[in-house]
Structures are given as C-alpha cells and as structure tokens.
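The values are calculated or read from the model by the stated rules, or taken from the named source; none is laboratory data. None of the values given here were measured: they were computed from a predicted structure. With ligands, DNA and RNA removed, areas are computed over all heavy atoms of the protein, side chains included. Shrake-Rupley method; radii C 1.70, N 1.55, O 1.52, S 1.80 Å.
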Amino acid sequence: MHNDESLIKMLREARPQYSLPAGFQGAVWRRIRETKTSPDRIPVHWLEVLAERWLHPRFALALAAVMVGLGVFAGAVEGAKEARLQARERYLTAVAPLEVR
C-alpha cells in the first residue's frame, strides 16, 4: 500500500485537542469518596431484605437449586396421589366394570 505522507500529517493534525475544565479531576475524586463513605440504604420492608440477600450471585444458585428441589418434591407427591387414584379406578373397573361410580 502506498504511504501518503501528506495524508498521515493531515490525519494527525485533525485530532481534536481536549482540555478538561478546571477542578475536574478533584471533583471526580470527591464524588468517588462521597459514594464510598455514604451509608447504605436501609431496607424498609422484610421483602426488600430477602431480595437483597437472595439476589446476590452467590446465593442465586443456591436459591435456584432449592426451588428446583421443592418443585421435584411437589411433583413426586402429586404424582404419587395421581398414581393411587388411577390404581383405584383400574381396580374398580376390573372388579365391577358396569357399576356406576
């Protein structure tokens, strides 16, 4: 590729020169200090406390595992009930197929 020195010079000169306002850096560091030293917001409702604790990444996986476990347990209980009802219906159909239930 052809190196055009005049193009390179023009591109270097075209870069804008920015200057920050006076006291900009000090204001930034002051805001950082204020943010670090300001007290955390106090949760008002018990649900906010639970949400703050459980929605942290370290607890999210544990919470998800517990919820899946509860779902599996509830499904197993309901499945057992349904299996008993189906077994009862099959037995009654086998013993008295024409009986009105």
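Out of the residues in region 3-31 that are of a type in the set (A, V, I, L, M) and within 49 Å of the chain's Cα centre (by Cα), state the one that is least open to solvent (accessible area, probe 1.4 Å).
Ala27
May I ask you to list the residues in region 71-101 that are of a type in the set (Asp, Glu) and at pLDDT 95 or above?
Initially, region 71-101 is screened for residues of a type in the set (Asp, Glu), giving 78, 82, 89, 99.
Within region 71-101, Glu78, Glu82 qualify.
Give the number of residues within region 45-101 that are outside any helix (DSSP H, G or I) and open to solvent by less than 100 Å² (accessible area, probe 1.4 Å).
Residues in region 45-101 being outside any helix (DSSP H, G or I) and open to solvent by less than 100 Å² (accessible area, probe 1.4 Å): 4 in total.
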